[in-house]
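See below for the structure under consideration.
The values are calculated or read from the model by the stated rules, or taken from the named source; none is laboratory data. Please read these numbers as outputs of a predicted model, since none were measured by experiment. All Cβ positions, glycine included, derive from the backbone under ideal geometry; neighbour counts span all protein chains shown.
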Amino acid sequence: MRRPSAAFILIIPLLMAGPAIAEPFEDATKAYNSGDYETAYRLIKPLAEKGLPEAQFNIGLLYDKGQGVPQNYAEAVTWYRKAAEQGNAKGQYSLGRMYIKSQGVPQDYAEAVTWLRKAAEQGNAKGQYSLGMMYYRGRGVPKDYVLAHMWLNLSTSRYPELENAKREWADIFRDIAASKMTSAQLAEAQKLAQEWKPKMER
């Protein structure tokens, strides 16, 4: 059995929404974590159809991974986009990733950057890492080691303990970017990271 994705667990912010939303969402999360993806899909789909962005993201995740439903990247993109357009940072990151990988949409680095930036600006660690790498590689944006360093630096402090390997990769690429920078550029990147504040869309 595949290890459940922590990305599915989003019930805490929903507890204030009342039992009509929180209870089925919690039941769906329990089903997902136990590997019963079909039940998770059945419970979460009505909430997604009602426009709940957390549920829309999770439906996208199920289609993306092929869990409880046949894998369908185009369908995953549809649901990620619905969540992303409502300001859901995980949906924004995931939509950006689909544009990078050409899964369900044509590859489009500029469009990927648009969505990754929205996620990164909200403090999403994966969004910050991916945006940093886009600046590092010059994909969808001009190559810019200062901004690459800034976003990679921010992501290292935001990855949870369970994602230590991803934090280590962010550290590695941040340090590689630093090796290509002047001391003035490095100081600028560090200043930008220190002054950065998250922008919440919702």
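Within segment 97-144, the set of residues being among the small types (Gly, Ala, Ser) and within 16 Å of Ser155 (Cα to Cα) comprises Ala119, Ala120, Gly123, Ala125, Gly127, Ser130, Gly132. Taking (1) buried (at least 18 other Cβ atoms within 10 Å of the Cβ); (2) within 17 Å of the chain's Cα centre (by Cα) in turn, His149 satisfies each apart from (2). Does Asn72 satisfy the criteria of being under 17 Å from Lys126 (Cα atoms) and either crowded, with 20+ Cβ neighbours inside 10 Å or over 18 Å from the mean Cα position of the chain (by Cα) (or both)? Considered against the rule, which asks whether it is under 17 Å from Lys126 (Cα atoms) and either crowded, with 20+ Cβ neighbours inside 10 Å or over 18 Å from the mean Cα position of the chain (by Cα) (or both), Asn72 comes out as no.
Condition test on Ser157, is it out of contact with any strand residue (DSSP E or B) (no Cβ under 8 Å at 6 or more places or on another chain) and modelled with pLDDT under 95? Yes: the conditions hold for Ser157.
Out of Arg97, Arg137, report the one residue that is closer than 30 Å to Pro70 by Cβ and either loosely packed, with under 14 Cβ neighbours inside 10 Å or at pLDDT 95 or above (or both). Show your work before the answer.
Working: Arg137 fails: closer than 30 Å to Pro70 by Cβ.
One residue alone meets the criteria, Arg97.
Counted as qualifying within segment 45-142 are the helices (runs of 4 or more DSSP H) with 2 or more residues that are within 30 Å of Gln194 (Cβ to Cβ) and in contact with a Gly (Cβ under 9 Å, 6 or more places away or on another chain), namely 89-101, 109-121, 125-137.
Just need a number here: residues in segment 32-44 that are assigned to a helix (DSSP H, G or I) and either more than 22 Å from the chain's Cα centre (by Cα) or within 17 Å of Gly87 (Cβ to Cβ) (or both). Lay out the reasoning, then the answer.
Step one: of segment 32-44, the residues assigned to a helix (DSSP H, G or I) are 32-33, 37-44.
Of the ones still in play, those that are also either more than 22 Å from the chain's Cα centre (by Cα) or within 17 Å of Gly87 (Cβ to Cβ) (or both) are 38-39, 42-43.
The qualifying residues number 4.
Scanning segment 162-202 for residues that are among the aliphatic types (A, V, I, L, M), outside any helix (DSSP H, G or I) and surrounded by 16 or more Cβ atoms within 10 Å (Cβ to Cβ) gives a single hit, Met181.
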